[in-house]
Each structure stands twice: as C-alpha cells, then as structure tokens.
Amino acid sequence: MSTHEPPDRDSVSVDHLDPDLTRALYTHMRTARDLDAEAVALQRQGVFPAYVSVRGQEAAQVASAAALDPERDFVFPTYREMASALAYGVEMVGYMATHRALWHGGLYDVMESRFGAINAVVGGPVPHAVGWAVGERMRGGEGVALAYFGDGASSEGDVHEAMNFAGVYGAPVVFFCQNNRWALSVPNERQVAGGSVAARARGYGMAGVTVDGNDAAAVYDAVTEAADRARRGGGPTLIEALTYRVEPHSTSDDTGRYRDETEADRWRAHRDPVALLRAALLEAGHATADELDAIDAQAGKRAEEIRDGVSAAPEPDGSELFTHVFRETTQELTRQRRIWEEEVQP
C-alpha cells in the first residue's frame, strides 16, 4: 500500500486577508462539511443512488471559487465540487438534486449561476473550459474559466490536448487540479510520471503552481493571481492543490482494499482544513470562539434546510426524458416518445 503522509506543519495563516473574507470562507467550508454529512446520510437512506464526499477538500474548493468573479467568470466542475458550488452562490437545492438524478444536470440555472452542470466524465470539464475561454476572448469579454479536475484525470488525453490548445492560444483558463493523492484506488506514484502535475505546465508554455490544498488562504492567493494573469492576457495557469481524500472515492468504494486507513486518520487529525482555518481565524483575531460557534450553528441549520429541500423536491415529468436530447427531434426519438405516451406513462 502507498503512503502519503500529511505535511509537518499543523497550522495556516490568514493574517494578510480581510477578516470579512476569512469569515466567509469559514462559513462556506463549515456549511459544506455539514451538507456533505447530510448527503452521505441521504445516500444511506436510499434518497441518493450514490454520492461522492468532499470532506477534507473544502479549503481547495471554497477558496478557489471565492477568488473568482461570479459576474464574469465561469466554473466547470467535476462530480465532487459541492463546496465550490456553495461558495460560488449556486442554488444548492437545485444543485444537490443532481445526486437524486432528478433532471439533466440538476434543477439550477447553469447559465445564470455561471457554474456548469456536474460532469462525471473523467477530465471532461477541462476541454469545455478551454472552449468557453477561447469564445470569451473572441467576443472581447473579460471572463476567466476555471476547470476542476483530479490527479487521475491529469492522465487523460483530453486534458493534455486542452492544456496544449490553451497554451498555444493563450486562453484565459485556470486549470485547478485537486490532487487528493488517489485516482480512485491508484496512488499518485503509479500514475503521475515525475510526481508533479504542476510541473507539466512548462511544456504547455504556461505558469505552474503547487499549493497546499488544505490552506484556504494559500489557495485563494494562488487562484486570485492566476485569474488576474488570465484577465490581463497573460494566458492560462495550472494550479496543483495538494490535499487528501480522507473519505472513500464514493459511497460504493471500499478503501480497505487499497490503503491503510491510519494514513487518512492522520490527515483528519493534523490537516483538517476546517479546523486549520478555524484556528487561523482565532490566531489572527478575525473572529472569537463565540462568533465561530454561531457560524457553526448557522451552517448546520442551512445544511439541514438544503437536505430537506432536496428530499422534498418533486420528481420531473417522465416526458422530460425526451427534451434537450437534440436541438431538433429525430424520427426515432419521436417514435420512442409515442411509445412512452401510449404504453409507459401512468
């Protein structure tokens, strides 16, 4: 079994950031932690057919999303960016409804929120982000695309092609790799040649940055700099946020088959991003313990409200199976819909 020990340092600093920002980061991270627990419970109860936990990656997700401009930028997520959606202001009942498989990509407005639909294709968001960014530049806009992907996706050909394309055309993209050390059951050293995803940036002619993915301030600074560079016409940036997937890959995964759980326990104990940020806020004087306790209570309440909203969301009409498949319907699709109307619908 592979070993990925947490960094030696067990603290982070937020001294240089605005207190309002750090409290907002903590609020989103705390809410995401509680909502994540509620989502796992919903899967165990049969409400969700499956779920992928974000626990331990809240800093990487919340801080990266908070560094963007939701009025101009566009985010392209994978299937594990619930905390990013929360921090970006996405309507969360509609977003979480995706995990109930209620509709095509959720019940929220992708274009209005500027946050793409959940993408379960490994590496899938990356070429989409590049295409959007090239189009944004062609129309004279100032928006930046952020593409989330994992260390496993970094081995996909689509990711290589998208990064090379972005490098050649100077596309305004932030490639954000959450390296949680496990491509499902495959450790970094068995699928990332050279040991670094960020080091590949040089070959694409772009900036490459490695950052502590459990340090919210460090992530925020790195994405802010990358987005500013892209907005100024300085081209794309590849950021590798080093974190750790403390939970199973999904609710159907058994980590005992491929890793030593004492390793994950050490990350939980020493590098929990929520605990690190809480301690940093107290150290910097950005909040008192009572204020953070109040945020914790508020976060738990909001998570419960989202949970209840998702659980109560009505199932869509079955006819929607046939909408948004093609821009103009086909004879075959028309035939299938007719069969459904005559034989299947109640």
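The values are calculated or read from the model by the stated rules, or taken from the named source; none is laboratory data. Owing to the predicted nature of the structure, the values given are computational and were not obtained by experimental measurement. Virtual Cβ from ideal backbone geometry, glycine too; neighbours counted across all protein chains shown. Just the protein is used for accessible areas: all its heavy atoms, side chains included, with ligands, DNA and RNA removed. Shrake-Rupley method; radii C 1.70, N 1.55, O 1.52, S 1.80 Å.
Some notes on this structure:
- In the stretch 124-142, the residues that are modelled with pLDDT of 95 or more reach residues that are open to solvent by less than 50 Å² (accessible area, probe 1.4 Å) and of a type in the set (F, W, Y) with C-beta atoms within less than 7 angstrom, at least six apart or across chains, in these pairs: P125/F76; P125/Y148; P125/F149; V126/F149; V126/F175; H128/F76; A129/F76; W132/F74.
- Residue that is modelled with the lowest pLDDT, among those in the stretch 91-117 that are surrounded by fewer than 20 Cβ atoms within 10 Å (Cβ to Cβ) and within 25 Å of A183 (Cα to Cα): G105
- Selection from the stretch 244-267 of residues that are aromatic (F, W, Y), in a loop (DSSP other than H, G, I, E, B) and surrounded by 17 or more Cβ atoms within 10 Å (Cβ to Cβ): Y244
- Lone qualifier among D20, D69 - being more than 24 Å from L276 (Cβ to Cβ) and either touching a residue at least 60 places away in the same chain (Cβ under 8 Å) or not in a loop (DSSP other than H, G, I, E, B) (or both): D69
- Candidate set from the stretch 91-123 (those that are hydroxyl-bearing (S, T, Y) and not in a loop (DSSP other than H, G, I, E, B)); member that is nearest to L321 (Cα to Cα): T98
- The residues of the stretch 54-71 that are open to solvent by 10 Å² or more (accessible area, probe 1.4 Å) and either under 17 Å from F175 (Cα atoms) or of a type outside the set (D, E, K, R) (or both), listed by number, are A66, A67, L68, D69, P70.
- Of the helices (runs of 4 or more DSSP H) contained entirely in the stretch 268-346, those carrying at least 3 residues that are more than 22 Å from A63 (Cβ to Cβ), out of contact with any Phe, Trp or Tyr (no Cβ under 9 Å at 6 or more places or on another chain) and open to solvent by less than 80 Å² (accessible area, probe 1.4 Å) fall at 289-312.
- Cβ-Cβ under 7 Å pairs, at least 6 apart or on other chains, the stretch 306-329 side free of Cβ contacts under 8 Å to residues at least 12 places away in the same chain, far side in a helix (DSSP H, G or I): V325/L333; F326/L333
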